[in-house]
Amino acid sequence: MSAIAEELPEQPDFLWHNPSPKKSYDVVIIGGGGHGLATAYYLAKNHGITNIAILERGWLAGGNMARNTTIIRSNYLWDESAAIYEYSMKLWEGLQEELDYDFLFSQRGVMNLAHTLQEVRDSQRRVFANQLNGIDASWIEPDEIKELCPPLNTSDDIRYPIMGATWQPRGGIAKHDHVAWAFARACDRMGVDIIQGCEVTGIVKDAGRVTGVETTQGRINAGSVGMAAAGRSSLLAEMAGFRLPIQSHPLQALVSELHEPVHPTVVMSNHVHVYVSQAHKGELVMGAGVDSYNGYGNRGSFHIIEEQMAAAVELFPIFARAHVLRTWGGIVDVTLDASPIVSRTPFDNLYVNCGWGTGGFKGLPAAGYTFAHTIATGEAHPLNAPYSLDRFTTGALIDEHGAAAVAH
């Protein structure tokens, strides 16, 4: 086993209880992933609302929370995006101490490679915009890239030579399951009910107001209902009687067997469709682009993995003899402008948090913080006000396709 695996902390036998649902709650959160847990945490911590149920159809954090590549950064292009993702970054930086739980937050830096002159221009524009918003972004040349990440092939005689990269030193990774456990333990201590194996089968309404949910464990009445179900959000919205402007796609990732530490940072390339980091245990963690078809299955096509491997080996020739240990797929929910929805819905007492695409993990703390504010007050927080549903009718879109990630 890798030497860095020894850094992993010991876990207690259990971190939260498994109660049966009560007949009613002040707030029901649909989705026991990172966003649902963070929302419940901030509802309790910031707004004093503790009569909360988190309903999870499977097991806690078994959806996208367990199926992402855990990259954290805030270097998005537009002011609205920079504001919410940078606020999320600042929350990340204090969250381990706040939750009293080591989830291995590692600010090892994130670089996004440019392989064409147009990518250089677009990336430098984003760096300048980031700097105006106070984000620690800079542009680095190939010699600096090689110094920061020695295994990366920066030679000129490859198919897609690296012409430079954006660099955010405060970016990095965290151990996703530990993040979920940290929030779950904090929620449990504050009296939140975390109910696993409880699938929502219907939204209960009365005169245009949502009053509860039907579940596989019976009806649960609620003062407010928050949907935080990522890729399955459109199915929930359809139950309620409205449509969300999102598409759900399979998104795959994989890990290698364990290696000694060889890859010191996070490298992303939109052009060759891959992003690579090394986990704390030593696995190489690699993500790719989405499967182009829509679907709700946690699996994708083999050719995506094949193309992903070809791209990774092109950037990192020393990984050519590494073995793939396992692959997995999640459901990524993508909006028309590659920005999230954190908003009221057409129905009173029903709120939605979705459409984060590949930004869900990095935006997790701010998503929970602002979504809790919206549920508790009925009004948008200044950070999530631009991310309302009505922007798709007003045209006030926040187009982040360039900065979002390879999956958009």
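Summary table below
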quantity	calculated
Most to least packed among 81-91, 377-387 [average Cβ atoms within 10 Å]	81-91, 377-387
Residue 201 versus residue 313: modelled label distance in nm, points set 7 Å from Cα along the beta carbon direction	4.9 nm
The range 48-175: Cα Rg divided by the 2.2 N^0.38 Å rule of thumb	1.29
About the Cα centre, charge dipole magnitude for the chain (Lys/Arg +1, Asp/Glu -1 at Cβ), debye	980 debye
Accessible-area value, residue 323, 1.4 Å probe, nucleic acids and ligands omitted, Å²	120 Å²
Chain lengthening between residue 262 and residue 390 when straightened (0.36 nm per residue, less Cα-Cα)	41.4 nm
Additional length obtainable on full extension of the chain from residue 147 to residue 189, 0.36 nm per residue less Cα span	10.6 nm
By accessible area with a 1.4 Å probe, ligands and nucleic acids excluded, highest first: order of 232, 189	189, 232
Residue-averaged [θ]222 nm for the chain, counting only DSSP H segments that reach four residues, each worth -39500 (n - 2.57)	-8500 deg cm²/dmol
Relative contact order of the chain, pairs being alpha-carbon contacts under 8 Å that are 6 or more residues apart, as %	24 percent
Accessible carbon and sulfur surface of the range 1-151 relative to its total accessible area, %, 1.4 Å	50 percent
Among 261, 106, 17 the positive-end extreme of the charge dipole of the chain (Cβ point charges)	17
Set of lysines with alpha-carbon distance to residue 45 below 25 Å, sequence-local pairs under 8 removed	22, 23, 90, 175, 362
Residue 299-residue 14 pseudo-label distance in nm [points 7 Å out on the Cα-to-Cβ vector]	3.2 nm
Förster radius 35 Å - calculated FRET efficiency between residue 140 and residue 321 (Cβ-Cβ, nearest 0.05)	0.75
Mean Cα-pair separation over length for the range 8-77, i.e. relative contact order, pairs under 8 Å, 6 or more apart, %	32 percent
Dipole of the range 319-395, positive end: most advanced residue of 368, 392, 382 [Cβ charges, Cα centre]	368
Candidate residues 185, 344: accessible-area rank, largest first, probe 1.4 Å	344, 185
For the range 240-298: relative contact order, % (alpha-carbon pairs under 8 angstrom, 6 or more apart)	43 percent
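The values are calculated or read from the model by the stated rules, or taken from the named source; none is laboratory data. As the structure is a computational prediction, the values presented were derived from the model and not from experiment. When we count neighbours, we look across all protein chains shown, and the Cβ atoms used for this are built from the backbone with ideal geometry, even at glycine. We work out accessible area using only protein heavy atoms, side chains counted, and drop any ligands, DNA or RNA first. Shrake-Rupley method; radii C 1.70, N 1.55, O 1.52, S 1.80 Å.
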